[in-house]
Amino acid sequence: MDLRPRSLFELTRTPRGKKLIRYTMVSVVAIAVSQVCLLFLLGVFHWRARAANVAAVCISAVPSYYLNRNWVWGKSGRSHLWKEVTPFWALALLGLGLSTWSADFAESIAIDNHLSHVVKTVVIMAASLAAFGVLWLGKFMIFNELMFKHHPEDLEPALDGRTGLPT
């Protein structure tokens, strides 16, 4: 992939580039939801990192699924259990596992180093965020190529503008 500014700008004008921008924006929303949940659960309610991360990931996965499905990949109607819902949640669980391990590990380090509650909260939030960053590109490829890909046989037949009959 060419990473020069001009090439990246040209990519944003392609369907794949526009999809990547929308996917990135959905990721920002999901990260914001997750991080706000972590902030409250860790910082205000003093939950342990593992429980707080599980709750935050589960909460943020719901808007992430619907925004990705509807806005990024343009799917509407009922979700397909095996082609969309199951793979999405499998990837969400992979992210949950990696981010929970990261958050738990960060909490252990923070406790061993006697960090303040505020610093410990920030370290745990950063560890969870970093774990999802690692998975971000791989998930885009899976969503784009496997889960939400439009198949020609799924499209409605084009209608003639004058007669309203299939072309």
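The values are calculated or read from the model by the stated rules, or taken from the named source; none is laboratory data. Because the structure is a prediction, the values reported are computed rather than measured. Quick reminder, even Gly has a Cβ in these numbers, built from the backbone with ideal geometry, and neighbours come from all protein chains shown.
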Please state which one of 51, 92 is under 20 Å from the mean Cα position of the chain (by Cα) and touching a residue at least 12 places away in the same chain (Cβ under 8 Å). 92
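Report whether or not residue 19 is of a type in the set (D, E, K, R), under 18 Å from residue 139 (Cα atoms) and not in a helix (DSSP H, G or I). I'd like the intermediate steps shown before the answer.
On the way: of a type in the set (D, E, K, R): yes; under 18 Å from residue 139 (Cα atoms): yes; not in a helix (DSSP H, G or I): no.
Judged against the criteria, residue 19 is not a match.
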Any idea which residue in the range 6-47 is surrounded by the fewest Cβ atoms within 10 Å (Cβ to Cβ), counting only those that are under 20 Å from the mean Cα position of the chain (by Cα) and among the basic types (Lys, Arg)? 16
Could you list all residues from the range 37-58 that are within 14 Å of residue 98 (Cα to Cα) and either basic (Lys, Arg) or not in a helix (DSSP H, G or I) (or both)? 50
Scan the range 79-100 and give yes if some residue there is polar (S, T, N, Q), at pLDDT 80 or above, in a helix (DSSP H, G or I) and more than 27 Å from residue 18 (Cα to Cα), otherwise no. yes
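Within the range 104-119, how many residues are free of Cβ contacts under 8 Å to residues at least 60 places away in the same chain and either in a helix (DSSP H, G or I) or surrounded by 14 or more Cβ atoms within 10 Å (Cβ to Cβ) (or both)? Don't jump to the end; show me each part of the working.
Quick first cut of the range 104-119, residues free of Cβ contacts under 8 Å to residues at least 60 places away in the same chain only: 104-116, 119.
With either in a helix (DSSP H, G or I) or surrounded by 14 or more Cβ atoms within 10 Å (Cβ to Cβ) (or both) added as a condition, the list becomes 104-112, 115, 119.
Residues meeting the conditions: 11.
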